[in-house]
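A.B. asks: Encoded as structure tokens, here's the structure I'll be asking about.
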Amino acid sequence: MNSDRKYSRREHPEDSLVKINDRITIGGPEVVIIAGPCAVEGRDLYLEAARLVKKAGASILRGGAFKPRTSPYSFDGLKEAGLEILAEAKKETGLPVVTEVMDARDLEAILQVADILQIGSRNMQNYTLLREVGQVDRPVLLKRGFAATIKEWLMAAEHIMDAGNERVILCERGIRTFETYTRNTIDLGAVVAVKELSHLPVVVDPSHGTGRASMVRPVARAAIAAGADGLLVEVHQDPENALSDGFQSITPEEFRRLMAEVSGITTVIDRQIYRF
Ligand code: PEP
Ligand code: MN
């Protein structure tokens with residue numbers, strides 16, 4: 001693999017610290033937990049979810065306002081109204097938020113609220129979108145394409161960095177394999193590989209990475225043990241009635257357990273969970 005790349009550890013041997021705000025940095029000794037529902041479904045439900053995940057120890061909120069859906073008939077997010085709810089949750093909790101950008105035309109509105117821009121798996125190779133988020137001053141969480149090799153994923157990061165934005169956080173979220181029991185096959189070896197190849201921080205999404213709520217906690221523990229700098233976890237108060245990804249969403253109670261277990265794992269690798 002070429003070493004004269006901006007993502008490359010040979011170019012930049014030290015780990016990159018991606019600063020989210022005055023308090024939170026991803027890529028340092030403390031692991032950062034991002035949590036919240038897949039989608040922002042409504043004001044009261046989202047605000048309650050935000051309070052609950054904050055109380056359990058999450059330090060960044062997630063929630064999609066613009067949702068990529070396989071079926072054109074599925075709920076595809078509250079869009080601008082969802083952004084307003086995210087803004088309210090952020091104001092109330094003080095936590096930064098990450099939300100997905102699917103279309104550069106929405107970027108201006110999303111920049112009013114998002115502290116981190118998420119590029120979804122389906123858009124990892126949307127090079128014009130990558131270059132758009134590469135031109136703004138905001139960290140980018142770059143999900144791995146579900147059919148992307150590690151090199152393709154790093155080259156997607158390179159597009160963002162080459163366009164001028166070096167604050168890239170990689171997110172392993174599973175890839176498509178011949179296995180059908182799980183929604184995706186989580187690739188924890190990729191966490192180790194990108195740490196060798198790149199100085200960029202990497203977080204793991206055990207929710208999309210497995211597609212099964214019962215597997216989220218064990219895989220979250222394993223991800224931190226493998227060296228991930230953080231987790232992105234889908235949490236919903238009523239997974240059975242969630243408008244998207246309920247089958248892989250854990251309840252706030254289960255999330256509290258996850259936090260306690262992950263905290264235990266961090267002690268054996270000489271790290272700790274960042275507490276807001
Ligand atoms: C999400 O985070 O809800 C999402 C759509 O993820 P991905 O792009 O990894 O499928
Ligand atoms: Mn989701």
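The values are calculated or read from the model by the stated rules, or taken from the named source; none is laboratory data. From a predicted model like this one, the values you see are computed outputs, not experimental measurements. Cβ coordinates were reconstructed from backbone atoms using ideal geometry, including for glycine residues, and neighbour counts include every protein chain displayed.
A.B. asks: So which residues in the range 246-263 are in contact with a helix residue (DSSP H, G or I) (Cβ under 6 Å, 6 or more places away or on another chain), assigned to a helix (DSSP H, G or I) and either more than 12 Å from ligand 2 (Cβ to nearest atom) or not polar (S, T, N, Q) (or both), if there are any at all?
C.D. replies: Gly246, Pro252, Phe255, Arg256, Leu258, Met259, Glu261, Val262
A.B. asks: Residue by residue through the range 56-113, note down the ones that are within 16 Å of ligand 1 (Cβ to nearest atom), β-branched (Val, Ile, Thr) and assigned to a loop (DSSP other than H, G, I, E, B).
C.D. replies: Passing the criteria: Thr70, Val101.
A.B. asks: Kindly evaluate Ile273 against the criterion of being buried (at least 19 other Cβ atoms within 10 Å of the Cβ) and away from ligand 1 (no atom under 16 Å from the Cβ).
C.D. replies: So Ile273 passes the test.
A.B. asks: Name the residues in the range 239-262 that are without any contact (Cβ under 8 Å) to a residue 12 or more places away in the chain and among the polar types (S, T, N, Q), would you?
C.D. replies: Once the filter is applied, which keeps residues that are without any contact (Cβ under 8 Å) to a residue 12 or more places away in the chain and among the polar types (S, T, N, Q), the range 239-262 yields only Asn241.
A.B. asks: I need the full set of residues from the range 137-154 which are in contact (Cβ under 8 Å) with a residue 24 or more places away in the chain, out of contact with any helix residue (DSSP H, G or I) (no Cβ under 6 Å at 6 or more places or on another chain) and either surrounded by 19 or more Cβ atoms within 10 Å (Cβ to Cβ) or closer than 18 Å to Val194 by Cα (or both), in order please.
C.D. replies: Residues satisfying the conditions are Pro139, Leu141, Ala147, Ala148, Lys151, Glu152, Trp153, Leu154.
A.B. asks: Among the listed residues Leu232, Leu243, which satisfies the condition of being within 15 Å of ligand 2 (Cβ to nearest atom), modelled with pLDDT of 95 or more and not in a strand (DSSP E or B)?
C.D. replies: Just a single option satisfies the conditions, and that option is Leu243.
A.B. asks: Could you run through the range 185-229 and say how many residues are in contact (Cβ under 8 Å) with a residue 40 or more places away in the chain, assigned to a strand (DSSP E or B) and within 16 Å of ligand 2 (Cβ to nearest atom)?
C.D. replies: 1
A.B. asks: Given the options Leu200, Leu231, name the one that is of a type outside the set (Val, Ile, Thr) and within 16 Å of ligand 1 (Cβ to nearest atom).
C.D. replies: Just a single option satisfies the conditions, and that option is Leu231.
A.B. asks: Yes or no: Ala157 in contact (Cβ under 8 Å) with a residue 40 or more places away in the chain, in contact with a strand residue (DSSP E or B) (Cβ under 7 Å, 6 or more places away or on another chain), farther than 20 Å from Leu61 by Cα and assigned to a helix (DSSP H, G or I)?
C.D. replies: When the stated conditions are applied, Ala157 passes them.
A.B. asks: Which of the following residues is under 30 Å from Lys55 (Cα atoms), modelled with pLDDT of 95 or more and more than 16 Å from the chain's Cα centre (by Cα): Pro201, Pro252?
C.D. replies: Exactly one of Pro201, Pro252 is under 30 Å from Lys55 (Cα atoms), modelled with pLDDT of 95 or more and more than 16 Å from the chain's Cα centre (by Cα), namely Pro252.
A.B. asks: Looking at the range 72-85, which of the residues that are free of Cβ contacts under 8 Å to residues at least 60 places away in the same chain and within 14 Å of ligand 2 (Cβ to nearest atom) is surrounded by the most Cβ atoms within 10 Å (Cβ to Cβ)?
C.D. replies: Filtering the range 72-85 for residues that are free of Cβ contacts under 8 Å to residues at least 60 places away in the same chain and within 14 Å of ligand 2 (Cβ to nearest atom), the one surrounded by the most Cβ atoms within 10 Å (Cβ to Cβ) comes out as Gly77.
A.B. asks: Glu11 - would you say it is more than 16 Å from ligand 1 (Cβ to nearest atom), at pLDDT below 95 and not in a strand (DSSP E or B)?
C.D. replies: For Glu11, the condition - more than 16 Å from ligand 1 (Cβ to nearest atom), at pLDDT below 95 and not in a strand (DSSP E or B) - is met.
A.B. asks: In the range 24-40, what residues are among the small types (Gly, Ala, Ser) and away from ligand 1 (no atom under 16 Å from the Cβ)?
C.D. replies: Correct list: Gly27, Gly28.
A.B. asks: Under 23 Å from Gln272 (Cα atoms), at pLDDT 95 or above and in a strand (DSSP E or B), is that true of Ile169?
C.D. replies: It is true that Ile169 is under 23 Å from Gln272 (Cα atoms), at pLDDT 95 or above and in a strand (DSSP E or B).
A.B. asks: Can you tell me which residue in the range 114-129 is surrounded by the most Cβ atoms within 10 Å (Cβ to Cβ), limited to those that are in a helix (DSSP H, G or I) and more than 14 Å from ligand 1 (Cβ to nearest atom)?
C.D. replies: The selected residue is Tyr127.
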